Amino acid sequence: MRYWLIKSEPDVFSFDDLLAAPKQTTCWDSVRNSSARNFLRDGMKKGDLAFYYHSNAEPSAIVGICEVVREGYPDHTALDPSHDYYDADSNAATPTWFMVDVKAVKKLANPVGLPEIKNSAALSEMALVKVGRLSVVPVRPNEWETVIAMSEGRS
DNA sequence: GCCAACGTTGGC
DNA sequence: GCCAACGTTGGC
């Protein structure tokens, strides 16, 4: 099993929105970056866990945990001309963009903010910090444990 | 609102 | 295939 981190702007779709969604599940669509796409299509497996990170937020922080409940499948928003994220260069036969379904597992006891992450020696190599822009990034097991400990005030 | 990082596009 | 221009992300 692998660990991940997915980002969303809380103004667009927050963790609370996920908790309020039917079955607490949503399709993680509209990713239009090829590196992130590769993680969605090839890396994420059913049962993998992911941190839910609020970007462009006050404060920017890891706020919850969710689980991959459906593995990579074509992102329909890329194929729908009426959609904001329509990609005229993609097609249903050979889809360019993929998404997964994620289900909320739980909210963290306390959010773990970006400054805390940056201040933690154990998290200095985290992809979140190293490769800022990617909306889907892997998390190492020791990083996962460290963040969980911080959220529970055990750090 | 600025800007750094970095992916993508397109001219040559 | 190089590289300049441009767009996007997201921290600050």
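Read-outs: derived from the displayed coordinates by stated rules, not from any lab. Predicted model only: the values in this text are computed from it and were never measured. So basically every Cβ, Gly included, is an ideal-geometry build from the backbone, and we count neighbours across all protein chains shown.
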Fully extended, how many nm does the chain gain between A:A109 and A:D11 (0.36 nm per residue separation, minus their Cα-Cα distance)?
33.2 nm
For A:D84 and A:V131, what does the FRET efficiency come to when R0 = 25 Å and r is the distance between their Cβ atoms, rounded to the nearest 0.05?
0.50
Please report how many Lys pairs in chain A have alpha carbons closer than 15 angstrom, counting only residues at least 8 apart along the chain or sitting on separate chains.
8
Okay, helix-only estimate at 222 nm for chain A: each DSSP H run of n ≥ 4 adds -39500 (n - 2.57), divide by all residues, round to 500 deg cm²/dmol; what do you get?
-5000 deg cm²/dmol
What order do you get for A:83-89, A:36-42, A:8-14 when each peptide is scored by the mean count of other beta carbon atoms within 10 Å, highest first?
A:36-42, A:8-14, A:83-89
Once the piece of chain linking A:K45 and A:A121 is laid out straight, how much longer is it, given 0.36 nm per residue of separation minus the C-alpha distance between them?
24.5 nm
Compute the angle between helix A:141-151 and the longest alpha-carbon principal axis of chain A, please, reported from 0 to 90 degrees and rounded to the nearest 10.
60 degrees
